[in-house]
Amino acid sequence: MITISDKGAQKVHEFLAAQDADVSLAGLRVGVRGGGCSGFQYQLAFDEQRDNDVVIEDHGLKLLVDNESLPFVRGSVIDYEESLQGAGFKVSNPNVVAACGCGASFRVAEEGQVSAVWVCGVRWRARCCS
């Protein structure tokens, strides 16, 4: 299961409303792809549901996760943070065993299980390892 914080959900609702998106069809896509200093990077995008997605509903939103990414983000909490360094979504992932200094990329214990994972839409919070 993946969850989203109150503030994260509020920001997703704001972004979807600004795009005139239908919340019954659109949601926040959560996935991973290979890359960065530590091996994987998060991919967050506003998207519509696809056939192979696992759909998790939380705070009146759809969290869309492709089957390949699910083992690597299971148990994660998505939050939205604002600081002097910027604002963006942050993923707190219990599966992470190592991360780069800026937190943009991560490694999990069973890294060999992931091959190529989807690349889709807008990338939020691009940082030093992109």
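The values are calculated or read from the model by the stated rules, or taken from the named source; none is laboratory data. Here the structure is a predicted model, which means the values were calculated and not measured. Cβ atoms come from the backbone with ideal geometry, glycine included; neighbour counts cover every protein chain shown.
Being hydrophobic (A, V, I, L, M, F, W, C) and either at pLDDT 90 or above or touching a Ser or Thr at 6+ places or on another chain (Cβ under 6 Å) (or both) is the filter; apply it to segment 1-16 and report the residue that is surrounded by the most Cβ atoms within 10 Å (Cβ to Cβ).
VAL12
Would you call VAL23 modelled with pLDDT under 95, of a type in the set (Val, Ile, Thr) and within 18 Å of PHE106 (Cα to Cα)?
The answer is no for VAL23.
Among (1) within 30 Å of ALA109 (Cα to Cα); (2) among the hydroxyl-bearing types (Ser, Thr, Tyr); (3) out of contact with any strand residue (DSSP E or B) (no Cβ under 6 Å at 6 or more places or on another chain), which single condition is TYR80 missing?
(3)
Given the criterion outside any loop (DSSP other than H, G, I, E, B), within 28 Å of VAL97 (Cα to Cα) and either free of Cβ contacts under 8 Å to residues at least 24 places away in the same chain or not aliphatic (A, V, I, L, M) (or both), identify the matching residue among ASP47, ASP79.
Testing whether each residue is outside any loop (DSSP other than H, G, I, E, B), within 28 Å of VAL97 (Cα to Cα) and either free of Cβ contacts under 8 Å to residues at least 24 places away in the same chain or not aliphatic (A, V, I, L, M) (or both) leaves just ASP79.
Taking ASN93 and the conditions (1) out of contact with any helix residue (DSSP H, G or I) (no Cβ under 7 Å at 6 or more places or on another chain); (2) of a type in the set (S, T, N, Q); (3) at pLDDT below 90; (4) buried (at least 17 other Cβ atoms within 10 Å of the Cβ), which numbered condition does it fall short on, given that it satisfies the others?
The number of the failed condition is (1).
Is one or more of the residues making up segment 19-27 crowded, with 21+ Cβ neighbours inside 10 Å and not in a loop (DSSP other than H, G, I, E, B)?
Yes: segment 19-27 contains one or more residues that are crowded, with 21+ Cβ neighbours inside 10 Å and not in a loop (DSSP other than H, G, I, E, B).
For a quick check of your reading of the model, give me the residue pairs whose first member lies in segment 51-73 and is over 12 Å from HIS13 (Cα atoms), whose second is among the hydroxyl-bearing types (Ser, Thr, Tyr) and crowded, with 21+ Cβ neighbours inside 10 Å, with beta-carbon atoms closer than 8 Å and at least 6 apart or on different chains.
Pairs that qualify, where the first residue is over 12 Å from HIS13 (Cα atoms) and the partner is among the hydroxyl-bearing types (Ser, Thr, Tyr) and crowded, with 21+ Cβ neighbours inside 10 Å, are VAL73/TYR42.
Answer yes if at least one residue in segment 62-71 is within 20 Å of ALA109 (Cβ to Cβ), buried (at least 16 other Cβ atoms within 10 Å of the Cβ) and of a type in the set (Ser, Thr, Tyr), and no otherwise.
Yes; the residues of segment 62-71 include at least one that is within 20 Å of ALA109 (Cβ to Cβ), buried (at least 16 other Cβ atoms within 10 Å of the Cβ) and of a type in the set (Ser, Thr, Tyr).
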